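Novice: For reference, the structure I am asking about is given below.
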Amino acid sequence: MRIAVITGASSGLGIQFVRRLAHRQDLDEIWMFARRLAPMEALAKKIQCHAALLPMSMDLSNEKDIENYAQLLQEEKPEIRWLINSAGFGKMGPNSEISRETLDNMVLLNCKAAMDMTQLSLPYMGKNSHILEICSTAAFMPLNDLGVYAATKSFLLSYSRSLHAELRPKGIIVTAVCPYWIKDTEFIPRAKTVSNTPMSGAAPTTEKKPAIRHFPLASKARSVAAWAMRDASIGLSVSTPGLVCTFHRLVAKFIPHRLLMLAWDVIRRL
C-alpha cells in the first residue's frame, strides 16, 4: 500500500498538499493528521481523487498520539511515498507575554513532533520517497518578538539539511520548505493572538500595538505548496517558495545577523 502522510491537514498548507497529492496515480491512500477532525472529514467528502483520504484526529504534541502513529505503521506496514510535516504554530510578541506552557508546546510541535514523525516513518520509506519539513524564512535568522518560533524553525532547517545528506544516497529526498508570510492560512491570526497568562514574575505590559503590524507581499498557500512540491521533485534540500524568502535566504548568508535584526526591528514596526 503506497501512502502519503500529511500533518496539519485540517487547514492552510496542509490542505493544499492534500489537494496536490490526491490525484496522483502512485498513491493508494493519504493519511491526514490534525487535532480537528471535522475540517478534514469535510475536505475528504469534497475532493474527487484517486487516493483514498483517511482523516485521523491526532495531537502531535501528545506522546500517546505519537505512539499511536507508530502502532498504526506496524499494523499496516505501508510504503510511505510522501511525508509532509506541516503542523506547527507560532506566537508574536515578547517572551514575557507568552506563557511557558505555550512556549513548551511550540517547541514540542514544531521540533519534537516533526522529528518523531520523521524518525518513525523512515523505516517505511525507500527510493523515490520524499519528506517535506515545513520550516519558515524565520529559520534563517533570530527574530525578536518571534524568537522561539524562529528558533524552532532554525532547528528544523538544520535537522532537514542533515537528513537530506544522509538519505539522498538511499533515494529519499528531504526538503526544508521555508516560505515567507502566507496570508490565507490561520497562522497569522493565531500568532497575533497572545491570550495566555504572562510568565511568572513578569510585569504586566501596557503596550497595545501588535508586535508585527503588517505583512506585505505575503504569499498564498496554493502557490507555496505547488512551488515546494516542484522543488522537492527535483531534489532540492531547501525550498524558498517565493521571491521574498529567496532574497532573505541570500541576504542572511552575507549580512551579520545583528544588523539584520536591527533592520527587522524597524520593518516590523512600520
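The values are calculated or read from the model by the stated rules, or taken from the named source; none is laboratory data. What you are looking at is a predicted structure, and each value in this text was computed from that prediction instead of being measured. Cβ placement follows ideal geometry from the backbone for every residue including glycine, while neighbour counts extend to all protein chains displayed. What goes into the accessible areas is simple: the full protein's heavy atoms, side chains included, and nothing from ligands, DNA or RNA. Shrake-Rupley method; radii C 1.70, N 1.55, O 1.52, S 1.80 Å.
Novice: Taking P(r) over Cα pairs in 10 Å bins from 0, in percent straight from the coordinates, which label in [x] 7, 30, 36, 20, 7, 1; [y] 6, 20, 25, 23, 17, 7, 1, 0; [z] 7, 33, 39, 18, 3, 0 is the correct one?
Specialist: The value computed from this structure is option [x].
Novice: With the full set of protein chains in place, find how many percent of the accessible area of the chain is carbon and sulfur; take the probe as 1.4 Å.
Specialist: On the chain, the fraction of accessible area on carbon and sulfur atoms equals 55 percent.
Novice: Sticking with this one: Given the options K170, K45, K77, state which has the largest fluctuation in a GNM of the chain using a 10 Å cut-off (strictly under) for Cα springs.
Specialist: Result for the chain, Cα springs under 10 Å: K45 fluctuates most.
Novice: Next question, about the same structure. For S223 paired with R190, estimate the spin-label separation in nm (one decimal), with each label point 7 Å from Cα along the Cα-to-Cβ line.
Specialist: So the label points at S223 and R190 sit 2.3 nm apart.
Novice: Tell me, what HN-Hα J-couplings in whole Hz come from the Karplus equation 6.51 cos²θ - 1.76 cosθ + 1.60 at θ = phi - 60° for each residue of the stretch 178-187, using x for Gly and Pro?
Specialist: 10, x, 7, 3, 10, 7, 10, 10, 7, 4
Novice: Where only protein heavy atoms count, and the probe is 1.4 Å, what is the accessible area per residue for the stretch 59-196 in Å²?
Specialist: Averaged over the residues of the stretch 59-196, the accessible area is 42 Å².
Novice: Which far-off residues, 5 or more places away or on another chain, put their amide H under 5 Å from the one on L83, with H placed in the peptide plane?
Specialist: Those lying under 5 Å, H to H, from L83 are V5, H130, I131, L132.
Novice: Next up: Projecting each Cα onto the charge dipole of the stretch 79-130 (Lys/Arg +1, Asp/Glu -1 at the beta carbon, about the Cα centre), which of L103, L83, A114 comes out farthest on the positive side?
Specialist: In the stretch 79-130, that residue is L83.
Novice: To continue, here is another question. Over the chain, what is the relative contact order in whole percent, taking alpha-carbon pairs under 8 Å and six or more residues apart?
Specialist: So the answer I get is 19 percent.
Novice: Sort the following peptides by mean Cβ neighbour count (other Cβ atoms within 10 Å, averaged over residues), highest first: 137-143, 85-91.
Specialist: The peptides rank, most packed first, as 85-91, 137-143.
Novice: Can you tell me the orientation of helix 243-254 relative to the chain, as the angle in degrees between its alpha-carbon axis and the longest Cα principal axis, to the nearest 10?
Specialist: Roughly 70 degrees between the two axes.
Novice: Here's something else I'd like to know. Rounded if a/c is under 1.5, else prolate if a/b is larger than b/c, else oblate: which is the stretch 142-190, with a ≥ b ≥ c the root eigenvalues of its Cα gyration tensor?
Specialist: oblate
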